[in-house]
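Every read-out reported here was derived from the displayed coordinates using simple, explicitly stated rules and does not represent laboratory data. Just so it is clear, the structure is predicted and the values come from calculations on it, not from any experiment. All Cβ positions, glycine included, derive from the backbone under ideal geometry; neighbour counts span all protein chains shown.
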Amino acid sequence: MSIKERKELEKSEMRGLILNTAMNLFLDKGFENITIRNIAEKIDYSPATIYLYFKNKDDILFTLRKIGFEKLYEHQVSSLKFDDPLKRLHRQGKTYIKFALENPEYYDLMFIMRGAVARTLDINNCDVGLDSYELLKKNVKECMDEGLFPRTDIDVAAFALWSYVHGIASLIIRGVGIMFPEEGINDIIEGSLNFMLKFDDHKNRNKKKLDLSNKQKTTGENI
């Protein structure tokens with residue numbers, strides 16, 4: 001390894017150390033209660049060292065959230081292999097929850113922890129998480145186009161589905177679902193997603209049948 005390569009590796013390792021330390025402190029003490037000095041003391045370096053890698057505390061927060069959203073999108077891209085938009089939605093929901101359970105610290109920082117989310121919105125960096133949401137909206141629109149969902153505002157439908165899977169992920173991460181044995185939680189997740197999507201599909205199929213029946217009655221009356 002050359003001197004240049006070694007220096008780059010050392011920089012990368014230090015950057016990772018700062019990010020991991022900051023994330024743990026943010027989650028443990030709260031974003032608003034942590035300073036650059038706190039982070040520096042935790043890793044036994046001076047605050048000046050932190051400033052060589054990040055402009056300020058907001059920059060660290062944004063970087064952590066950006067990494068988290070990039071990881072989430074990588075998980076969700078696997079849904080694109082399905083031609084059926086309803087199956088894509090199911091996979092997207094499943095991978096969303098899988099990401100949350102495998103990366104609870106990132107998920108907490110991205111969606112749950114008070115202060116961090118609001119602060120990121122304050123500094124106009126919320127667009128980093130839009131890729132996954134746009135993918136969700138695209139799948140919802142295709143479900144509507146194929147008659148699998150009733151026509152409605154796409155943002156309303158997407159937000160409803162997002163809220164559903166976010167609720168599942170948050171309850172599990174926070175340990176609220178204690179009524180379910182840990183070994184059966186995957187079955188609960190799978191069953192919940194099936195219930196949600198099949199319920200919506202069932203309602204829409206019944207509506208289509210009713211519309212068809214009414215149309216036939218109207219046609220018969222006109223003959």
**OP:** Take the Cβ-Cβ distance between Lys198 and Asp155 as r, set R0 to 25 Å, and report the resulting FRET efficiency rounded to the nearest 0.05.
**Re:** 0.65
Original post:
What residue among Ala40, Gly93, Phe62 has its Cα farthest toward the positive end of the dipole of segment 32-115, where the charges are +1 on Lys, Arg and -1 on Asp, Glu, each on the Cβ?
Top reply: Gly93
Subject >> For Met179, Met110, Met196, order by how many other beta-carbon atoms lie within 10 Å, fewest first >> reply: Met179, Met196, Met110
Subject >> Alpha carbon convex hull of segment 20-96, projected area averaged over orientations, nm² >> reply: 6.3
**OP:** Note down the magnitude of the dipole of segment 1-54 about its Cα centre, charges +1 on Lys and Arg C-beta and -1 on Asp and Glu C-beta and zero elsewhere, to the nearest 20 debye.
**Re:** 140
**OP:** List, in the order given, every pair from Lys66/Lys141; Lys57/Lys94; Lys29/Lys141; Lys42/Lys66; Lys7/Lys98 whose Cα-Cα distance in the structure shown is over 31 Å.
**Re:** Lys57/Lys94; Lys29/Lys141; Lys7/Lys98
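Among Lys7, Lys94, rank each residue by its count of other Cβ atoms within 10 Å, from fewest to most, as a rough exposure measure.
Ordered from fewest to most neighbouring Cβ atoms within 10 Å, Lys7, Lys94 come out as Lys7, Lys94.
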Subject >> Alpha carbon convex hull of segment 1-54, projected area averaged over orientations, nm² >> reply: 3.8
**OP:** Step through the residues of segment 164-175 one at a time and calculate ³J(HN,Hα) from phi using the Karplus curve (6.51 cos²θ - 1.76 cosθ + 1.60, θ = phi - 60°), rounding each to whole Hz and writing x for Gly and Pro.
**Re:** 5, 6, 5, x, 4, 4, 5, 4, 5, 4, 7, x
Original post:
Listing Arg6, Arg15 from the residue with the fewest other Cβ atoms within 10 Å to the one with the most, what is the order?
Top reply: Arg6, Arg15
Original post:
Working out 0.36 nm times the residue gap between Asp58 and Ile3, then minus their Cα-Cα distance, what length gain in nm do you get to one decimal?
Top reply: 16.6 nm
